[in-house]
Amino acid sequence: MSASPTLAHDTPVHQPSDRLPWQEQQSPRLYSVGRPLPKNTIRFKCVDCGRPMEARAQDGGVDTNCPHCAAPLTVPRIPPNPYLRPIKNIVRQMKAVPFPFPYLPQLIQIAVLTSVLSLFAVLYITIGVVTQAAGVFRGLIIEAQKHLREGSTVERSGTAISIGIYSFLFLPFWMIQFPFSLVGSIWSSRRLSALLTVALLLSIAYVVTLYSQHLIRFWHSF
């Protein structure tokens, strides 16, 4: 874990470097709990002194020092919900709808935006939470892999076991997240291939639902 300068109590971290400004990687900003902070922040505690603090979500996984006891620590990886930004954009559009007479076009526009907002709200609660949980477990696996070659044999064995446990817990969230991330990555490059992939996934889901009883009987026959 790389060491960085000791942090003051309510002061952002600024790590001096000999690099040029465009080559310098900004160090994480840690704050004591209680002061006003920008959005997309995460709250956690130091493993040594137990004091609470907050940091920016984009600093997840960065090594730094505790602002209270100067102990080395790693900012937890807590990814933001991917559906939060489109929900904010739709709410902003709904607030910007003018209401001059006649009111019927505006009411239709508000109804359409409300239906889209409801869809994104469902995705925010379901797939968005799954994505966040999967990101947390993925961060735990990456963090454990960093320390796999450090320490004694017993410590490395414990780290390997923890990676196995994290991977086992990560698997169901990854299985739910994988179709959506796959379609999203294909959609950004080839729209037609993404539509065909969605049709294939829906067909597989329909076949599994249609023959679920036969599959259960086949499974119990072993």
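Data overview
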item	result
Set Arg138, Arg149, Arg156: member being part of a loop (DSSP other than H, G, I, E, B), among the charged types (D, E, K, R) and over 29 Å from Lys95 (Cβ atoms)	Arg149
Looking only at the range 50-80, and only at residues there that are under 22 Å from Gly128 (Cα atoms) and β-branched (Val, Ile, Thr), the one that is farthest from the chain's Cα centre (by Cα)	Val75
Some residue of the range 133-150 being of a type in the set (S, T, N, Q) and farther than 20 Å from Asn81 by Cβ	yes
Residue, nearest to Pro80 (Cα to Cα), within the range 93-130, restricted to residues that are among the β-branched types (Val, Ile, Thr) and surrounded by 14 or more Cβ atoms within 10 Å (Cβ to Cβ)	Val129
Matching residues, the range 211-222, being in a helix (DSSP H, G or I) and open to solvent by 100 Å² or more (accessible area, probe 1.4 Å)	Gln213, His214, Arg217, Phe218, Trp219, His220
Subset of the range 40-77 [without any contact (Cβ under 8 Å) to a residue 12 or more places away in the chain and farther than 24 Å from Ile141 by Cβ]	Gly50
From the options Glu143, Glu155, residue that is out of contact with any helix residue (DSSP H, G or I) (no Cβ under 7 Å at 6 or more places or on another chain), of a type in the set (Asp, Glu) and either surrounded by 14 or more Cβ atoms within 10 Å (Cβ to Cβ) or touching a residue at least 60 places away in the same chain (Cβ under 8 Å) (or both)	Glu143
Qualifying residue in the range 69-87 (condition: part of a helix (DSSP H, G or I), out of contact with any helix residue (DSSP H, G or I) (no Cβ under 9 Å at 6 or more places or on another chain) and not aromatic (Phe, Trp, Tyr))	yes
Residues within the range 158-210 that are open to solvent by 70 Å² or more (accessible area, probe 1.4 Å) and in contact with an Asp or Glu (Cβ under 9 Å, 6 or more places away or on another chain), tallied	0
Residues within the range 161-204 that are over 30 Å from Ile142 (Cα atoms) and assigned to a loop (DSSP other than H, G, I, E, B), tallied	1
Test result for Glu143, at pLDDT below 85, in a helix (DSSP H, G or I) and acidic (Asp, Glu)	yes
Among (1) open to solvent by 40 Å² or more (accessible area, probe 1.4 Å); (2) of a type outside the set (Val, Ile, Thr); (3) in a strand (DSSP E or B) - the single one Met53 does not satisfy	(1)
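The values are calculated or read from the model by the stated rules, or taken from the named source; none is laboratory data. No experiment lies behind these values; they were computed from the predicted model shown. Here the Cβ is made from the backbone with ideal geometry for all residues, glycine too, and neighbour counts use every protein chain on show. Areas reflect the complete protein model, heavy atoms only, side chains present, ligands, DNA and RNA absent. Shrake-Rupley method; radii C 1.70, N 1.55, O 1.52, S 1.80 Å.
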